[in-house]
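Accompanying notes for the structure given below.
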Amino acid sequence: MDKIIVKGGPRLEGEVAVSGAKNAALPILASALLADGKSVYRNVPDLADVKTMLKVLGTMGCGTARLTGEQADVCEVEVHGPIHPEAPYDLVKTMRASVLVLGPLVARFGRARVSMPGGCAIGARPIDQHLKGLKALGADIHLTEGYVEATAKRLTGGTVNFDVITVTGTENVMMAAALARGRSVLENCAREPEVEELARVLNKMGARIEGAGTSVITIEGVEALKPVEHAILPDRIEAGTLMVAAAITGGDVLVTHVVPEHLEAVILKLRETGCTVSPEARSIRVKAPRVLHSVDVKTTEHPGFPTDMQAQLMALMTVAEGTAVISERIFENRFMHVPELHRMGADITIEGHTAVVKGVRTLSGAPVMATDLRASASLVLAGLRAEGKSEVQRIYHLDRGYERLEQKLRGLGADIQRVKA
Ligand code: EPZ
């Protein structure tokens, strides 16, 4: 297994471009199932999770390809005629977002057999709301042998009020409703930019969706959708991670290819720590102070502070001046980076869903273990600051959601490299 070796110290300076958004690419690739023909997606990040989604589509009989050379950011998904509407356990268990094929399959092909994703490191992550929504659109749902079996002659529009705000739940049901007969109204929806982006793509395919990005989404079902060409929006969480890299090293970095409006909460929180954060049209400059202030944060649904930035902000707070209280209110077990940060000398006490982080003057490099995607990012960030060498192991977690992160950081002056196992 590869690992990352990072030696703390260098102030990061310069310019870095953000890749396409993982959490937009995954539902958008799944949406290709809704149309007959070839859809072409640009700015698709080269990530393990994207490879898995293409594999899931491929096992169903879709034609999938990632181009090469100048067009290495382009993926094609071709759907022709009947396919095998099943997402097997051995793929779904490696990436729970595979469940995003459920809505498109039952809407377009009338049936789907998708493995229950099961929990993951950060929580149980049930899909009850996905199933509740599909049932409200007329699908018959049976759970057998760890699989969801969904059937419907044709879905019919309905009203869905989500009991829990769920990003992929909103996306799954929105995709299904696009081909249902009649109108659907989805209430208490997730408002993430990736939900809005998916609706933009579906409307380009001929869907009639309004309200995406707000908590009420209205969909007028249509008879058929057509394939699409689309460029995936920038990854706001990768952007936020790079902004924290500037902050934790006392650096001065221009992060480009971003949509600043998608990072409001992160921009405001970094300003509270004392950073100068200057958004432009498609870029954000972060200039860090010599001493950072500790700030409190509560993760919540968009447009609040994103749970996917909690571990990264915690790494920053370990070396801030004062005490930070960090409450994780989305997932039940998203503090697995804490024991690893302890190994680097961080002073963090967990009380239930809250972590109390007392800033320390220095962290010391150490061998640490990645446990999940964003935890691995936080360990790399801490390593950029720690005195001496840190070794982050099991970075296959990092590769799920970050495209060449160590190259991007090295381009900013970090002393960091990937060591092949
Ligand atoms: C999406 O996961 C993201 N993944 C996650 O990003 C992100 O952390 C999460 O949204 C929250 O923003 C993708 O978009 C592919 P949820 P998702 O359904 O949709 C509960 C990353 O690091 N819930 O919004 O699976 C659930 O347990 C990943 O890139 C139910 O109870 O998250 C959680 O507590 C990690 N029943 C809360 O809702 C359901 O049916 C939010 O989960 C669905 C969810």
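The values are calculated or read from the model by the stated rules, or taken from the named source; none is laboratory data. These numbers were taken from a predicted model, which means no experiment stands behind them. Backbone-built Cβ (ideal geometry, glycine too); neighbour counts: all protein chains shown. Protein only, heavy atoms only, side chains kept; ligands, DNA and RNA dropped before computing areas. Shrake-Rupley method; radii C 1.70, N 1.55, O 1.52, S 1.80 Å.
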In 20 Å bins starting at 0, how do the alpha-carbon pair distances of the chain split up by percent? 28, 55, 17, 0
How much accessible surface does S364 have with a 1.4 Å probe, in Å² rounded to 10? 60
How far apart, in nanometres, would the label points at E387 and R290 be if each is projected 7 angstrom from Cα along the Cα-to-Cβ direction? 1.8
From the backbone phi of segment 362-371, what are the Karplus-calculated ³J(HN,Hα) couplings (6.51 cos²θ - 1.76 cosθ + 1.60, θ = phi - 60°) in whole Hz, Gly and Pro given as x? 9, 9, 10, x, 7, x, 9, 10, 6, 10
For A421 and T300 in one chain, what is 0.36 nm times their gap in residues minus the Cα-Cα distance, to one decimal in nm? 39.8 nm
Nearest 0.05, what FRET efficiency do T59 and S215 give at R0 = 41 Å with Cβ-Cβ as r? 0.70
Which percent of the accessible area of segment 22-231 is formed by carbon and sulfur heavy atoms (probe 1.4 angstrom)? 49
Nearest 10 degrees is fine. How inclined is helix 167-178 to the longest principal axis of the chain, computing both from alpha carbons? 20
Any aspartates and glutamates whose Cα falls less than 15 Å from that of K420, other than same-chain ones fewer than 8 residues away, would be D2, E391, D399, E406
Checked segment 22-231 against the a/c 1.5 cut and the a/b vs b/c comparison, axes a ≥ b ≥ c from its Cα gyration tensor; verdict rounded
Between E332 and V164, what length comes free when the chain is fully extended (0.36 nm per residue of separation minus the Cα-Cα distance, one decimal in nm)? 59.1 nm
13 Å cut-off, amide nitrogen to a point 7 angstrom out along A121 Cα→Cβ, residues in segment 384-421: 392-402
Let's test the formula: R0 of 45 Å, r as the Cβ-Cβ distance of K358 and T151. What FRET efficiency results, to the nearest 0.05? 0.25
Note down the nm distance, to one decimal, between modelled labels 7 Å out along Cα→Cβ at D347 and at D36. 6.8
Averaged per residue, what accessible surface does the chain expose to a 1.4 Å probe, in Å²? 38
Lysines near K269 by alpha-carbon distance under 26 Å, same-chain residues fewer than 8 away left out - which ones? K22, K287, K298, K358, K408
Report the FRET efficiency, 1/(1 + (r/R0)^6), for E272 and E229, where r is their Cβ-Cβ distance and R0 is 41 Å, rounded to 0.05. 0.50
What order, most packed first, do the peptides 45-54, 376-385, 298-307, 232-241 have when packing is the mean number of other Cβ atoms within 10 Å of each residue? 376-385, 232-241, 45-54, 298-307
Among 350-361, 258-269, what's the highest-first ranking by average C-beta atoms within 10 angstrom per residue? 258-269, 350-361
Once you place label points 7 Å from the Cα toward the Cβ at E70 and V325, how far apart are they in nm? 5.7
Kindly report, to the nearest 10 Å², the accessible surface of M369 as traced by a 1.4 Å probe over protein heavy atoms only. 60
